[in-house]
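Report on one structure; see the data block that follows.
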Amino acid sequence: MFIPYAFEPYFHMPIRKIVKRVVDAEWVARMIEVLDRRSDNRMTELGMLSQAFEFVKINQVIGDYLEFGLWRGKTFGYAHRMKRRYRRNDMKLWGFDSFQGLPDTGEHPDNIWHKGQFACTREEFQVILESRGFKPSEYELVEGFYNESLNAATHRRFAGRKAAVIYIDCDLYESTIQVLDFVQSYLVDGSIICFDDFYNYKGDPEQGEQKALAEFRQKQTRVRVIPYMDYAPLGKSFICRMNG
Ligand SMILES: C[S@@+](CC[C@H](N)C(=O)[O-])C[C@H]1O[C@@H](n2cnc3c(N)ncnc32)[C@H](O)[C@@H]1O
């Protein structure tokens, strides 16, 4: 039987490893994404990140990828795929998380969360990244609750860098406010901000990420945010423009 030469590396590999290689392969992800979109015309988180990376490529927006709210790295992994697909060797992937799950979730009309939800330790998270082929030079992690970790030392660590794509998936109004205050000075014309839970709480503008963005728009004049794309069940993205 003729077996193509390209399959030779798979001969001595355990089945489990072969399946994992195939599942993780870029072309498989691409095929699933295309089929998924064609099947019911939805744009998923992966689709959104693909659009965002293509947007910043077309528009030559230089900067890093910043994700706030990592849990087990699903969307961080998608961003890594896009970094490779669009050959953004210059782009560092920054992940910000407590690695202890959500903080105290406070009092809200529709409180659907609880403290400690989505906990995944830094060690567990790094094992996941390694299994997905992340190289240590491709990413940086900032550990801690945002009210403490988004501090002067983190600003110094980020000094001189810009944000091309920002992914906010930290669920809570309070967390999102802290994130927007932190990223403000790293935004440039064409930065994309994706809010994973923008339409949460049945779309209530008085809660969650939507409320945080409305307040951010009110309280500063440097950045204008232009609505870009809706995605998944609850997400929405924006393009940033700098005033003056
Ligand atoms: C829904 S999960 C993120 C899901 C992830 N993006 C994915 O693709 O599966 C929310 C994450 O936000 C983090 N988080 C929320 N508020 C935070 C805060 N104030 N400080 C640090 N981490 C926070 C939690 O630890 C949790 O990992």
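The values are calculated or read from the model by the stated rules, or taken from the named source; none is laboratory data. The structure presented is a predicted model; accordingly, all values stated were derived computationally and were not measured. Cβ atoms come from the backbone with ideal geometry, glycine included; neighbour counts cover every protein chain shown.
Counting only residues that are at pLDDT below 80 and surrounded by fewer than 10 Cβ atoms within 10 Å (Cβ to Cβ), segment 1-22 holds 10 of them. Residues that are away from the ligand (no atom under 14 Å from the Cβ) and either hydrophobic (A, V, I, L, M, F, W, C) or not in a helix (DSSP H, G or I) (or both) within segment 140-175 comprise E140, A152, A153, F158, A159, G160, R161, K162, A163, A164, listed in sequence order.
If you go through segment 83-116 and pick out every residue that is part of a loop (DSSP other than H, G, I, E, B), under 28 Å from K135 (Cα atoms) and not small (G, A, S), you end up with 10. Just need a number here: residues in segment 24-72 that are of a type in the set (F, W, Y) and part of a loop (DSSP other than H, G, I, E, B). The qualifying residues number 1.
Within segment 175-203, residues that are more than 13 Å from F238 (Cα to Cα) and assigned by TED's automatic domain parsing to the domain that holds G106 reach partners that are surrounded by fewer than 22 Cβ atoms within 10 Å (Cβ to Cβ) and basic (K, R) with beta carbons closer than 8 Å, at six or more positions or on different chains, in the pairs Q184/R222; Y186/R161; Y186/K162; Y199/K236. Given the criteria at pLDDT below 95, within 22 Å of L234 (Cα to Cα) and near the ligand (Cβ under 10 Å from one of its atoms), does T105 qualify? The answer is yes for T105.
Residues that are surrounded by fewer than 17 Cβ atoms within 10 Å (Cβ to Cβ), hydrophobic (A, V, I, L, M, F, W, C), without any contact (Cβ under 8 Å) to a residue 24 or more places away in the chain and on the phi < 0 side of the Ramachandran plot: does segment 235-244 have at least one? The answer is no; no qualifying residue exists.
Applying the criterion of being at positive phi and either of a type in the set (V, I, T) or within 15 Å of the ligand (Cβ to nearest atom) (or both) to the residues of segment 108-139, the residue that is nearest to the chain's Cα centre (by Cα) is F118. Kindly evaluate G69 against the criterion of being under 30 Å from E206 (Cα atoms) and under 17 Å from the mean Cα position of the chain (by Cα). Considered against the rule, which asks whether it is under 30 Å from E206 (Cα atoms) and under 17 Å from the mean Cα position of the chain (by Cα), G69 comes out as yes.
In the condition set (1) without any contact (Cβ under 8 Å) to a residue 12 or more places away in the chain; (2) aliphatic (A, V, I, L, M); (3) surrounded by 17 or more Cβ atoms within 10 Å (Cβ to Cβ), V165 is compliant with all but (1).
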